[in-house]
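Have a look at the structure below, then the notes.
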Amino acid sequence: MKSNMEILDVGEVHIERPRLLVTGGRGLVGTQISGGIKIGSNLDLRDSKICDSFFNDTRPINVVHCAAKVGGLGGNINLKGEFFYDNIMINTNVIESCRKYGVRKLVCFLSTCVFPDKVEYPLTEKKVHLGEPHNSNYPYAYAKRMADVQIRAYREQYDLNYVSVIPTNIYGPNDNFNLENGHVIPSLIHKCYLAKKNNTPFKVWGSGKPLREFIYSEDVAKLTEWVLENYNEEEPIILSTSEEISIRDVVGLIVKHMDFKGKVIWEEDKPDGQYRKPSDNSKLMSYLPDFKFTSLDEGLKKTIDWFVSNYESCRK
Ligand code: GFB
C-alpha cells in the first residue's frame, strides 16, 4: 500500500507531509475513504486558531473535507442557527488553512439541498445559486453555497486546484441513527428496529409522497477518490444515481429487510420537507459512464445489517 507520507525537501530540511487528510474522517463518508489521516469532531474546526495550528503541524498535500454539522429534516428545522454558524465557520477555516499551508488539492462537500427550491428540474451544476433554497434548510444550504464561492475566489486569486462535489442524500454504515435529528434512512431504520423489538407501531413522518435520490456511502467514497485524482474544474460536480424514490417505497424496503410484521403509522402532522430535488448526473456519467452504483435495495440491506450488529456502539 502507498505510504501516506511524502518527503518534501526544503534545502537541507526534509519535511514529511501526509498525502491525504480527511476531515470528518470518522463519519458516514470519511470512514469509507481509503487511506489518509482521519480527524473527527474532537478537533473543533469552528475555531480558526485550532484549525490553523492543526494544519500548520500536519501540512497535508491533499484534503477531502467531509466535516460538517449535518442532520436530517428535523435537525435542520430545529437548529437553524447552529447549522449556519457551525458550517460557515468550519468551511471558511478549513479552506483558508488549506491555502495558507500549501494544500495542493482540496475536495469540499456540498449537498443537493443547496439548490434553489423553485427552479426548472432536473438540477444541474449551473443552477446552484439561482434562487432561495427550501425553507427547511436554507441556513445549511447558504453556508455550503459560500464554500463554493470561497473555492471559486481562491481558484481565481491564488490559482488553487480546489473543487467541490454535490452528492444527493447519502446513507450507509457509520451514519448517525438519531431518532430526531438523523437523516430519513438512518432514523427510520432505528425506528423500525425499536418497533419490532417493542412490538409497537412503526411511526413515519409525513405523507410518504416526497421523492428523494439516495447514494450509498461507499459509492460516494469511490467517486470522491476519483475526483481527488482527476477532476479539476471550477464548477462543482453532482454525485448522483439520478434515480428518485418515494419515502413510502423506502419505508417498504426497510420493512422488508427488517422483516417487520407490525403496523406502519404515517404521522401526517410531521413535516414532509421539500417535495423533491431531482438531479441530473450526466456530467458525472460523461466522465465515468461505466460506474456501477450500489442499488438502494442492496445498500439498505448492508446498512441494516451493520446497524443491528453495531447497535450498542453506533451514533444514535
Ligand atoms: O433525509 P431527510 O431527513 O432530509 O428526509 P431532506 C426527509 C424526508 O423523509 C421528508 C421523511 O420527506 C420526511 O417527511 N421522513 C419520514 C423522515 N420519516 C422520517 C423520520 O423519521 N426522520 C426524517 N429525518 N425524515 C436534508 C437536508 O433534507 O437532506 C440536509 O435538510 C441535507 O441539510 C440532507 O442536505 C441530505 O432530504 O428533506
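The values are calculated or read from the model by the stated rules, or taken from the named source; none is laboratory data. Predicted model, so just to flag it, every value in this text is computed and none were measured. Methodologically, a virtual Cβ is constructed for each residue, glycine included, from the backbone with ideal geometry; neighbour enumeration extends over all protein chains shown. What goes into the accessible areas is simple: the full protein's heavy atoms, side chains included, and nothing from ligands, DNA or RNA. Shrake-Rupley method; radii C 1.70, N 1.55, O 1.52, S 1.80 Å.
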message = Under 5 Å between amide hydrogens, which residues at least 5 positions from Thr200 or on another chain qualify, with H placed 1.01 Å from N in the peptide plane?
response = none
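At 37 °C and 0.692 mPa s, grab the translational diffusion coefficient of the chain from Stokes-Einstein with a Kirkwood Rh over Cα pairs, rounded to a whole number in µm² per second.
Working: Rh = 20.3 Å.
Rounded, D is 162 µm²/s.
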request  = For Lys261 and His129, calculate 0.36 nm times their separation in residues minus their Cα-Cα distance, and state this gained length in nm to one decimal.
outcome  = 43.0 nm
query = Where the centroid of each part is defined by its Cα atoms, how far is region 17-79 from region 272-292 in Å?
reply = 25 Å
ask   = Using the per-residue mean of other Cβ atoms lying within 10 Å as a proxy for protection, in what order, highest first, do the peptides 42-54, 286-298, 232-244 fall?
value = 232-244, 42-54, 286-298
ask   = To the nearest 10 degrees, how steep is helix 184-198 against the longest Cα principal axis of the chain, on a 0 to 90 scale?
value = 40 degrees
remark   = In order over region 231-244: 3J(HN,Hα) from phi, Karplus 6.51/-1.76/1.60, θ = phi - 60°, whole Hz, x for each Gly or Pro, gives 9, 10, 8, 5, 6, x, 10, 6, 10, 7, 8, 6, 10, 8
inquiry  = For the pairs Lys127/Lys292; Lys38/Lys127; Lys105/Lys292; Lys222/Lys283, flag any whose C-alpha to C-alpha distance is greater than 21 Å.
reply    = Lys127/Lys292; Lys38/Lys127; Lys105/Lys292
ask   = For region 278-289, what does the Karplus curve 6.51 cos²θ - 1.76 cosθ + 1.60, with θ = phi - 60°, yield as ³J(HN,Hα) per residue in whole Hz, taken in order and with x for Gly and Pro?
value = x, 10, 9, 9, 5, 5, 4, 5, 5, 8, 10, x
inquiry  = Give me, ordered by chain and number, the residues 5 or more places off Asn169 or on other chains with an amide H under 5 Å from its own placed amide H.
reply    = Glu213, Ile215
task = Mind pulling the angle between the C-alpha long axis of helix 217-230 and the longest principal axis of the chain? Nearest 10 degrees, somewhere in 0 to 90.
result = 20 degrees
remark   = Descending accessible area (1.4 Å probe), largest on the left, turns Tyr216, Tyr154 into Tyr154, Tyr216
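Work out the length of the dipole vector of the chain about its Cα centre, built from +1 on the beta-carbon of each Lys and Arg and -1 on the beta-carbon of each Asp and Glu, and round it to the nearest 20 debye.
Numbers: 41 positive and 42 negative charges, 159 e Å.
Computed about the Cα centre, the dipole is about 760 debye.
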query = Could you give P(r) for region 83-219, binned at 5 Å from zero, as whole percent values over all Cα-Cα pairs?
reply = 2, 9, 15, 18, 18, 15, 10, 6, 4, 2, 1, 0, 0
